[in-house]
Amino acid sequence: MRERTKQAAGRICAIAGVAAMALLGPVSGWAQGTGQVQGKVTRQDERTPLAGVSVMVRGTGIAAATGPDGTYRLERVPAGQQVILFRWLGYRPKEIQAAVTAGGTTTVDAVLEAQPVALEEVVVTASRTPERVVEAPAAVSIADIPQVRTAAITGQLPRAIANVPGVDLVQSGVTDFNLNARGFNSSLNRRVLVLQDGRDLAVAFLGAQEWGANPPLEDGARVELVRGPGSALYGANAFSGVLSVTSPAARDIRGTRLTLTGGELSTFKGDLRHAGVLSQGKLGYKLAAGYSSSDTWSRSRTLKSGQDFASEYAAATSDPVKFPTFGYERRPLNGQTFSDTATGAVTGDRDPIVNTFGNARLDYYAPGGSVVTVEGGASQVENELFVTGIGRVQVTKALRPWARASWAARNYNLMAWYSGRDSREPQYSLASGLPLEEKSSIYHVEGQYNRSFAGDKAKVVLGASFRNLTVNTQGTLMAPADDDRSDHYVSAYGQLEYALTPQLRVVGAARWDDGNLIEGQVSPKGALVFSPNEQHSVRFTFNQAFQTPNYSEFFLRVPVASPQTGPRTLERGIEGFFTSLNSGPLGPALASLQLPNTLPWNFDSLTQVLALGNAKLKVERVTGWELGYKGNFSRKGYVTIDGYLNELKDFVTDLLPGVNPAYPAYSLTQQVNVPNKLDSLQARVQQLQTAGLIPAATAAQILGTIAVLRTNYNSLAAQLGPLLATVGGSRAGVVSYTNAGRVIERGVEFGGGYFVTNEFKLEGAYTFFDFTVKDSLTGDKLLPNTPKHKGSLTATYSGAQGLDASVTARFSDAYDWAAGVYAGKIPSSQMVDINLGYRLNNYVRLFAVGTNVLDQKRFSLYGGSVNGRRVLGGVTATF
C-alpha cells in the first residue's frame with residue numbers, strides 16, 4: 001500500500017512537472033513589449049502603509065499584493081495605457097490610469113480611502129466562478145481579516161468562521177473540532193465539506209477532518225463558507241455546507257515572515273515562511289515550516305468507578321453525569337501509567353500535543369493570466385485525541401503527506417491532488433485499550449470549464465472528476481476480507497445561469513456521482529436571484545445533497561469491550577448440570593422435563609463484544625428550500641437573513657443491536673427456554689423431596705445449583721442478551737449501523753454589522769433552529785446536537801496608529817447530545833474572546849489572543865473535554 005501511494009504521488013508530480021516544463025519552454029521573447037509597474041499604497045494620512053492590498057491590471061491576469069511596507073511590483077505588464085485596480089476590504093476600490101513603456105518601469109502610488117465594507121464589493125466563488133456576494137445563489141459568508149489572523153495564530157482553522165450565523169463549532173481539547181451548519185452535528189462531523197485550494201482535507205477512513213494536521217492558514221488566505229446543501233456542485237458530503245480556503249499565490253506574499261507564539265497550556269508555536277519570484281516574475285516560489293507543542297484539557301478516564309469522568313464534568317454542569325455506554329477506559333492518555341490496576345488510578349503527566357509541518361510551492365505565471373502550480377508537503381501529529389462513535393481515540397504519531405498540481409486559467413481549471421495518512425505509531429482506542437492502524441490515501445483528478453455567452457447574460461460551468469481511495473488498517477479496524485482495499489468515485493456536473501432581466505437571474509445545476517460503494521446519485525439545484533440594485537438581493541433556492549457512509553460505518557470491526565468468558569462457562573455449566581441429572585439416579589423421574597444435554601447457544605471460550613459495519617448502508621439525503629436576503633445600507637451597515645426548511649432522511653444510525661441483517665439477532669430462549677427448564681426442574685425436585693423420593697440434602701444441593709445458574713443466566717440476559725447475534729456460526733455481542741429516520745428541520749440565520757466610524761465596527765449574529773422527528777428507529781436517538789438559540793456580538797477596532805482589537809461574546813442555549821457511546825445534556829454557555837494587535841513598525845507586529853478569557857469551564861460535546869481559558873501572545877516579523 002505504501003509503495004502504491006508513493007507511485008501515485010510520483011505520477012501526479014511527474015505529470016505536473018511535464019505540464020509546467022511544456023509551458024515554460026517558449027519564454028525567450030515574452031519580455032518584448034512589456035514593462036514593470038511598481039509603487040506604494042498608503043492610507044488617507046499618506047504615511048501609514050497598507051499591507052495585503054490586491055493590485056491588478058484590469059483585463060489581464062497580472063496581479064500582486066502589497067508587502068508590509070505597502071510596496072508592490074507588477075512584472076510583464078503589456079506596454080500601453082493600462083488601468084491599475086487597487087482593492088482591500090474596508091477601503092474604497094481605486095482605479096488609476098498608467099502609461100506603461102516597453103522595457104521601462106512606471107511608478108503608480110495609491111492612497112486608499114477607508115470605508116465600511118460594502119457587500120456589493122465582496123467577491124465569492126460559491127458557484128465555482130467569481131461573483132459578487134450580494135448576487136450569490138447561496139447563504140455564503142467570508143471570514144474577515146481579524147478572524148483569519150486569529151485562526152492562523154492559534155493553529156485552529158475552524159475559529160476563522162466561529163462568528164458566522166448558523167455555524168456549530170464544538171471543541172474537545174486543543175485540536176479536536178467538529179464544524180457543522182444547520183443541525184445534526186456528531187462526534188465526527190462530515191456534513192461540511194472542507195477544501196483547501198480545492199483539496200479535500202478529510203481523512204479517508206473516517207471522512208472527517210484532522211484539524212491539527214492540516215496546513216496552517218496564511219496571512220492573505222481567503223476563508224469562505226457556503227451554508228446549506230451543496231452536492232450539485234461539490235458532490236458527496238457537501239451535506240450542510242462547504243468551507244473553502246484559498247491560499248495566496250507566492251508572488252502575493254513575497255518576503256520572509258516569522259511568527260512566534262506562546263502562552264497558557266505550556267503552548268509554544270513557531271512558523272516560518274519565505275516567498276519570492278524568479279525569472280522576471282515568471283516564477284513564484286514559497287517555502288514554509290512550523291512546529292507547535294501544547295498541553296490539553298483532556299483527562300484520563302480509567303477509574304473503574306467512573307468517578308474521574310464525573311469529577312471532570314462536575315466543574316461544568318450541575319446535571320447528573322451519564323457514564324458512557326461501554327464504561328471506563330482501559331488505557332490512560334499517553335505519558336500516564338496505571339498506579340493501581342485494581343481501581344484504575346493513573347499517575348504521570350500527559351504527553352503534549354505536538355504538530356510539525358513543512359511544504360513548498362512553485363507557481364508559473366503564464367501569459368494571459370493563467371497560473372500553473374505544483375506544491376506539496378507533510379504534517380506530523382503526535383498525541384492528538386478524538387471523540388468517536390466508539391469512544392475516545394488517541395493518535396500516538398501519524399504522518400499526513402500531500403501534493404497538488406493545478407492549471408488555472410480564465411475559462412478552465414485542471415487539478416490533481418493526493419492526500420495520505422500513515423500511522424507511524426499505533427493509535428489507541430482508549431475504551432478497549434487496543435492499538436489501531438491506518439494507512440490510507442486519496443487521489444483526485446478534476447477538470448472544470450466555464451464561460452459566459454449571450455452578451456454576458458448567460459454563464460455555464462461544466463466539470464468532471466475521478467477519485468480513488470485506498471485504506472489498510474492491518475486488521476485493526478476492519479475484517480481481513482474488507483481490509484487493504486481500493487475504491488473509486490466518478491462525477492460529472494454542470495450549472496447554467498441566465499439573466500432573464502438585469503435584475504432577475506435564474507440558476508440551475510445538477511451533478512451525477514457514482515462509485516463502487518454507493519448507488520448512482522443525482523443532486524439537483526435551482527435558484528432565483530432578484531437584485532433590484534447593487535446593494536440588495538433576494539434569493540430562493542432548492543437543493544438536494546447526500547453524505548456517503550465512511551469506511552468505519554461500512555466495514556468497522558473492533559471490540560468495544562473486553563472478551564468475556566462468562567457466557568461459555570455458563571453454557572457448559574448448564575449442560576453439565578443437566579447431563580449429570582439425566583444420567584444419574586434421578587434420570588427416570590426427570591425424563592418428562594426433557595432437560596437438554598447440549599444447548600444451542602454456541603458461545604466461544606472468549607465471547608466477543610464487537611462493533612461491526614454494515615456494507616449495505618445507503619447514503620444520507622437532504623432536500624432543502626431556502627429564502628435569503630442580503631442588503632447594504634448607506635455604506636454604514638449590512639444585513640443578511642437566511643431562512644431554510646430541510647428534510648433529512650436515511651440517517652446512518654448510532655451503533656445499535658439487532659439492526660444489521662448480516663448478523664442475525666439471537667435470543668437465548670430461541671430454541672431452549674432455560675429459565676422455564678430451571679423453574680420446572682425446581683418444582684419437580686421439590687415434589688420428589690416432599691414425596692420422600694430423594695434425600696433433603698440432595699434436594700438442597702440441586703436447588704442451590706439451580707439458584708446459582710438462574711442468577712448467572714439473568715446477569716447474562718441483562719448484559720449481553722440484547723446484543724447477541726450470530727457471527728461466523730458463533731454467538732457474540734454485536735452493535736452495528738443501519739439507515740433509518742426522517743426529520744424536518746427549520747431555522748433562521750441573521751447576521752448584521754454597522755460601522756460606527758471607519759475604524760470601529762459592531763457585528764452580530766443570531767441563529768434559531770428547530771426540528772421535528774417524523775420517523776425514527778427504536779433505540780436510535782435522533783437529536784440535532786444543536787442549540788435552539790445561539791448568537792454572538794463582536795466589536796472591532798482597526799486604527800491608523802497600528803492598534804487593532806476585537807471583543808466577541810458568544811452565547812448558546814442548553815441542549816441534549818447523543819452521538820455514539822456518549823449521551824447527555826450540554827449546559828448553556830456564555831464565553832468571551834479577545835484579540836489585540838499592535839504594529840510597532842512596518843515589519844513587526846505584537847499580538848495577544850484570548851479564548852474564553854473569563855475561564856468558564858465548558859464542554860460543547862458530551863464525552864469531550866471540559867475546556868477553559870487559553871491566552872496566547874507573540875510577535876510576527878516580516879522582512
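The table below lists the values:
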quantity: Under 20 Å from the ASP340 label point (7 Å along Cα→beta-carbon), backbone N, region 299-322; calculated: 299-313
quantity: Sum of -39500 (n - 2.57) over DSSP H runs of 4+, divided by residues of the chain (222 nm, nearest 500); calculated: -4000 deg cm²/dmol
quantity: Neighbour cut-off at most 16 other Cβ (10 Å), DSSP loop, chymotrypsin sites (Phe, Trp or Tyr not before Pro), region 213-287; calculated: none
quantity: Packing-based order for 639-647, 705-713, using average beta carbon neighbours within 10 Å, highest first; calculated: 639-647, 705-713
quantity: Accessible surface of the chain [probe 1.4 Å, protein heavy atoms]: carbon and sulfur percent; calculated: 57
quantity: For GLY753, net neighbour charge (Lys/Arg +1, Asp/Glu -1) across residues whose Cβ lies under 13 Å away; calculated: +2
quantity: Range of Cα positions in region 623-698 per principal axis (Å), largest first; calculated: 104, 29, 15
quantity: P(r) tail fraction, region 445-536 - alpha-carbon pairs more than 22 Å apart, %; calculated: 51
quantity: For GLU438, residues with placed amide H under 5 Å, excluding near neighbours; calculated: SER423
quantity: Stretch gain in nm, segment LYS774-SER828, where the contour uses 0.36 nm per residue and the Cα spacing is subtracted; calculated: 16.7 nm
quantity: Residues with amide H under 5 Å from that of ARG858, placed H, sequence gap 5 or more; calculated: ASN867
quantity: Percent breakdown of C-alpha pair distances by 10 Å bin, ordered from the shortest bin, for the chain; calculated: 2, 11, 20, 23, 18, 10, 6, 4, 2, 1, 1, 0, 0
quantity: Rounded to whole Hz, the Karplus (6.51, -1.76, 1.60) HN-Hα couplings of region 401-412, x for glycine and proline; calculated: x, 7, 8, 8, 9, 8, 10, 10, 10, 4, 10, 7
quantity: Sequence of LYS286, LYS761 when ordered by accessible area, the most exposed leading, probe 1.4 angstrom; calculated: LYS761, LYS286
quantity: For VAL346, distant residues with modelled amide H under 5 Å away; calculated: SER339
quantity: Region 40-93, accessible area per residue, ligands and nucleic acids excluded (1.4 Å, Å²); calculated: 41
quantity: Surface accessible to a 1.4 Å probe, per residue, for the residues of region 561-638, Å²; calculated: 45
quantity: Net charge contributed by nearby residues that have their C-beta within less than 12 Å of ARG227 (K/R +1, D/E -1); calculated: -3
quantity: Per residue, in Å², the accessible surface of region 310-363 once ligands and nucleic acids are set aside, probe 1.4 Å; calculated: 50
quantity: Around ASN712: net Lys/Arg minus Asp/Glu count, Cβ-Cβ under 15 Å; calculated: +2
quantity: Using θ = phi - 60° and Karplus 6.51 cos²θ - 1.76 cosθ + 1.60, couplings along region 84-93 (whole Hz; Gly, Pro as x); calculated: 9, 10, 10, 9, 7, 4, x, 9, 5, x
quantity: Kyte-Doolittle at least 0.0, axis length at least 30 Å by Cα - qualifying DSSP helices, the chain; calculated: 2-24, 696-719
quantity: Straight-distance crosslink candidates among lysines, where the alpha carbon sits under 24 Å from LYS781 and sequence neighbours closer than 8 are dropped; calculated: LYS322, LYS616, LYS618, LYS649, LYS790, LYS825
quantity: Per-pair calculated FRET efficiency, R0 = 22 Å: GLN81 and THR107 via Cβ, rounded to 0.05; calculated: 0.90
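The values are calculated or read from the model by the stated rules, or taken from the named source; none is laboratory data. In this text, all values refer to a predicted model and were calculated from it rather than measured experimentally. Please note: Cβ atoms are built from the backbone with ideal geometry, for glycine as well, and neighbour counts cover all protein chains shown. Heavy atoms of the whole protein, side chains included, go into the accessibility calculation; ligands, DNA and RNA do not. Shrake-Rupley method; radii C 1.70, N 1.55, O 1.52, S 1.80 Å.
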